[in-house]
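The values are calculated or read from the model by the stated rules, or taken from the named source; none is laboratory data. The shown structure was predicted, so the numbers you read here are calculated from the model rather than taken from an experiment. Don't worry about glycine lacking a Cβ; one is built from the backbone with ideal geometry, like all the others, and counts go over all protein chains shown. SASA here: full protein model, heavy atoms, side chains in, ligands and nucleic acids out. Shrake-Rupley method; radii C 1.70, N 1.55, O 1.52, S 1.80 Å.
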Amino acid sequence: AAADRTALGTRAAALIAAHLHPVAPGLYRLDANLFEAADRAAALYAFRIAAAMAGGTGQLAGLAAAEQAFLAVRHHVCATLSRAVFSVRKAGVHLHRERRNLPAVEGTGSPILWDGRYWLAAEPSMRIAPFGREAAKLPPDRPHCLPQDLLFSAQSAEPAFWRDDICLGPARGPSAAAGIAVPAPWARLLPSFDIAPANAVLTALGGKTVIPCHHPNTIATEA
């Protein structure tokens, strides 16, 4: 079973590398070709991983729910899965975190796992909370080729530093991977058979790859 899971992850990693692209803070594009891939099992696994990554969930969605969402997007219908929204438009298939149930966490000076997606640190006088409506005040950092409401939806669910009711700016740094150690669903626990897809997601986000586990039964943790 472990060998089969590792092989599936390796095949899904190749699809992630080919079809997942970050386009703006918290916003990712999935190439339509993913939904027509001949390797259906690997495509569905890559789809579940992408949803968990964007939504910050600690586990992949169940097969039945994932299959339903996968088919919906394939037939040009918007869907949600693992707290992530798959938006299907003329601009392509994009995904981002849902704009609900986002945490506000008081700073401690030490890194915390915010929303299951980013390891971030804030001073005790600040808190980390989503941009919300403040996202409308931010200039887009990408060309205006995407709908503004799509960019706003993604940015409003991204983390910001707050002091009282004043938004101080992004909690993530300028680097695309700032705040990311190992992306959801492996933010706290990375089984060895998921290293290939985890590396593929990290590479897509512009981060460095994780160190491989050499023993087939070992577990790597990231904190």
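Tabulated results
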quantity: Boolean, Phe70 is crowded, with 18+ Cβ neighbours inside 10 Å, over 16 Å from the mean Cα position of the chain (by Cα) and farther than 20 Å from Leu44 by Cα; calculated: no
quantity: Qualifying residue in region 209-223 (condition: touching a helix residue (DSSP H, G or I) at 6+ places or on another chain (Cβ under 6 Å) and at pLDDT 85 or above); calculated: no
quantity: Single residue of Phe35, Phe47 found to be at pLDDT 95 or above, on the phi < 0 side of the Ramachandran plot and either of a type in the set (Lys, Arg) or out of contact with any Lys or Arg (no Cβ under 7 Å at 6 or more places or on another chain) (or both); calculated: Phe47
quantity: Filter result for Glu36 (free of Cβ contacts under 8 Å to residues at least 60 places away in the same chain and closer than 22 Å to Leu150 by Cβ); calculated: no
quantity: Residue tally, condition open to solvent by 40 Å² or more (accessible area, probe 1.4 Å) and farther than 15 Å from Val73 by Cα, over region 26-40; calculated: 2
quantity: Among residues of region 45-59, those that are over 12 Å from the mean Cα position of the chain (by Cα) and over 14 Å from Ala13 (Cβ atoms), counted; calculated: 1
quantity: Subset of region 4-24 [open to solvent by 40 Å² or more (accessible area, probe 1.4 Å) and either outside any helix (DSSP H, G or I) or in contact (Cβ under 8 Å) with a residue 40 or more places away in the chain (or both)]; calculated: Arg5, Thr6, Thr10, Ala14, Ala17, His21, Pro22
quantity: Residue list for region 81-121, filter: of a type in the set (Lys, Arg), open to solvent by 40 Å² or more (accessible area, probe 1.4 Å) and closer than 20 Å to Gly132 by Cα; calculated: Arg83, Arg99, Arg100
quantity: Qualifying residue in region 44-66 (condition: touching a Gly at 6+ places or on another chain (Cβ under 6 Å), open to solvent by less than 20 Å² (accessible area, probe 1.4 Å) and among the small types (Gly, Ala, Ser)); calculated: yes
quantity: Selection count, region 81-128, where residues are in a strand (DSSP E or B), on the phi < 0 side of the Ramachandran plot and in contact with a strand residue (DSSP E or B) (Cβ under 7 Å, 6 or more places away or on another chain); calculated: 19
